[in-house]
Amino acid sequence: MTAENDTEHGQPAEPEKDRELAEFAEERESLLRITFAPLTWALHFVLCYGTVSLACIKGLIPLPYTRAGLIAATGLALALIALIGWRAFVQWDVRRTGDFTNPEGHAEHRHQFLGHAGFLLAIISAIGVIYTGLPLFILASCK
Amino acid sequence: MPPAPCHRLSPPARALRALPLLLICAACEGRQSALDPAGEDAAVLLTLFTVMLIGAVILWLAMNGMFYGFTRVHRSQISKTTANSIVIGGGILLPTLLIGALLGWGLSILPDHQKPGDGLRIRVIGEQWWWRVEYWPEGADTPVISANEIRLPAGQRTEFTLTSDRVIHSFWIPALGGKMDMFPGRETTLSLKPEKPGVYRGQCAELCGASHAWMAFEAVVMPPGEFDAWLEQEAAGAQPAEGTEEGRDIFFREGCAACHTIRGTQAQGQVGPDLTHVGSRHSLGAGRLGVTMEEFAAFVTHTEDLKPEVRMPAYDHLSEDERAALAAYLKGLE
């Protein structure tokens, strides 16, 4: 496409391209962002199981420290997921648009849909972290 | 539409078709049933199972009821808000809370598996495919050795230390409590508190090779006084029955002593089960056969047929009389 043609249609080529690129950069980033909540869950899971193994099987860490540390890590993971979830909720923007499902594929809908997906993933990740952390509150020993 | 085949049957025939259901009910009872608990631990597990079963039935009925309702009865469109609340409430919130509650309950009863016992500790080692059993009464320096049978005092909590020789086994007496895996090179613990005296059946619950299905044992729950008397007798050496000298000679001539121990005799083998009081046990070959003379003779003669891949060779070259004499000797070791 030449600059002449674009001028004929009244649409300058370069700013349009920049805008699209900027938008796709934003989408790329939010596509990455929806993985953050499940990643936090996964890291919390590995941290919990790994630490408990070191404490209970190898006896490397004293049990009270293990428990307190992992309860703190659970709180931290939940706070992080809440933050990620809140950002995703804002991106979804359902309160303003009233549009739950974003069925059309244009840019704004894609943007909001990724927010929606990120928000739901944050919820399931929070549930996962709570279930993983539950034994820390109920069981006081390795047995 | 032709009537369903069931409608063509006469009433008695229809009743007959319900017979298999009775079989299902019958399976709930018996000496190897987790649904017929004879101890504190099994009762807790039964409650857990019952609650989950009833919950699952209610959920199943609700799910299918809704499916039926929305596809057959209430077929007009429902509002988006109603649909969303059903999906979010019934599909996300309810399962999260229910599973969370079950998880919390499960975790809260988990440590009970390893409650401290009242004194007696039993160490069980899983072999292929039998059980090496050591009784350690409180304060004992040496164990009382036995095999392929577990005896427990009723009303007392007994601790088990479990391990294995070569492969993973799992120790399970369904009527008395949950199961626990046995790992080579590692010790796991389990504690059981049987309440009702009786003879129950345990079974290896982890596939462990050719004769896994034949790796069982009898679990005898006795009143505490009787148990103490039995343990004292079990600790003593063998007292062969009179007139079984011929069988004893065959036992030593055939080299059985290389693998089996009979305390109080020259037989000190450690490869196979201890036979010091084999005649007083409730089963033979780790739950494989009963303990009649004929069954003793059959086990010695058809070992490989009865327990595939077992290390003991079949002594089928023995004559009829020799088998009978050997069986009489073993049966007499009470």
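In this structure A:LEU76 has an accessible area near 120 Å², from a 1.4 Å probe over the protein heavy atoms. Computed on protein heavy atoms with a 1.4 Å probe, the accessible areas place B:LEU94, A:LEU32, A:LEU139 in the order A:LEU32, B:LEU94, A:LEU139, largest first.
Two decimals, Cα atoms only, Kirkwood Rh: what is Rg/Rh over the range B:245-331? A ratio of 0.91.
Global dimensions of the protein assembly as shown from alpha-carbon coordinates: Rg and Dmax equal 33.3, 120 Å. Here the Debye sum runs over all C-alpha atoms of the range A:35-138 as equal scatterers in vacuum, and log10 of I(q)/I(0) at q = 0.17, 0.19, 0.24 Å⁻¹ comes out as -0.75, -0.85, -1.14. Solvent-accessible area of B:GLU254, all protein chains in place: 40 Å² (probe radius 1.4 Å, heavy atoms, ligands and nucleic acids excluded). Surface listing: B:PHE160, A:PHE119 arranged by accessible area from highest to lowest gives A:PHE119, B:PHE160, probe 1.4 Å.
Taking the C-alpha atoms only, the angle from helix A:13-33 to the longest principal axis of chain A is near 20 degrees. Can you give the accessible area of A:LEU83, probe radius 1.4 Å, in Å² rounded to 10? The value for A:LEU83 is about 110 Å².
Past 25 Å, Cα to Cα: identify those pairs from B:LYS179/B:LYS331; B:LYS193/B:LYS331; B:LYS179/B:LYS307; B:LYS196/B:LYS307; B:LYS115/B:LYS196; A:LYS58/B:LYS115, in the order given. Too far apart for the 25 Å limit: B:LYS179/B:LYS331; B:LYS193/B:LYS331; B:LYS196/B:LYS307. Springs join every pair of Cα atoms under 10 Å in this Gaussian network model of chain B, and among B:LEU318, B:LEU190, B:LEU284 the largest mean-square fluctuation is at B:LEU318.
With the cut-off at 14 Å, report for the range B:281-325 the share of all Cα pairs above it, as a whole percent. Roughly 45 percent, rounded to a whole number.
Both chains summed, the buried accessible area for B and A stands near 1000 Å², from protein heavy atoms and a 1.4 Å probe. What a 1.4 Å probe finds exposed on chain B is 62% carbon and sulfur by accessible area, rounded to a whole percent. Using the 1.4 Å probe convention, the accessible area of chain B works out to 54 Å² per residue with neighbouring protein chains retained.
Taking chain A, the Cys residues with no second Cys beta-carbon under 4.7 angstrom are A:CYS48.
Within 10 Å, count the other beta carbons around each residue, average over each peptide in B:47-57, B:165-175, and list them highest first.
B:165-175, B:47-57
Debye-formula intensities of chain B, expressed as log10 I(q)/I(0) at q = 0.08, 0.09, 0.12, 0.14 Å⁻¹, are -0.53, -0.63, -0.92, -1.12 (one equal scatterer per alpha-carbon, no solvent). Please give the Cα centre distance for the range B:37-91 versus the range A:82-143, rounded to the nearest Å. What the calculation gives is 25 Å, centre to centre. For chain B, the membrane-span-like helices by this rule, meaning whole DSSP H stretches whose C-alpha atoms cover at least 15 Å of axis and whose Kyte-Doolittle mean is -0.5 or above, are B:40-68, B:94-109, B:320-331; this says nothing about an actual membrane.
Kindly identify residues of the range A:96-143 having a loss of at least 50 Å² in accessible area between the isolated chain and the assembly of all protein chains, probe radius 1.4 Å. So the qualifying set is A:TYR131, A:ILE138, A:LEU139, A:LYS143. Ordered from largest to smallest accessible area (heavy atoms of protein chains, 1.4 Å probe), the residues B:CYS256, A:CYS142 come out as A:CYS142, B:CYS256.
With the convex hull constructed from alpha-carbon coordinates only, the range B:184-329 shows a mean projected area of 10.1 nm² over all directions.
The values are calculated or read from the model by the stated rules, or taken from the named source; none is laboratory data. This one's a predicted model, so the numbers in the text were calculated from it and none came from an experiment. Every residue, glycine among them, receives a Cβ derived from its backbone with ideal geometry; neighbour counts consider all protein chains shown. Each accessible area value is taken on the protein alone, full model and side chains, heavy atoms only, with ligands, DNA and RNA left out. Shrake-Rupley method; radii C 1.70, N 1.55, O 1.52, S 1.80 Å.
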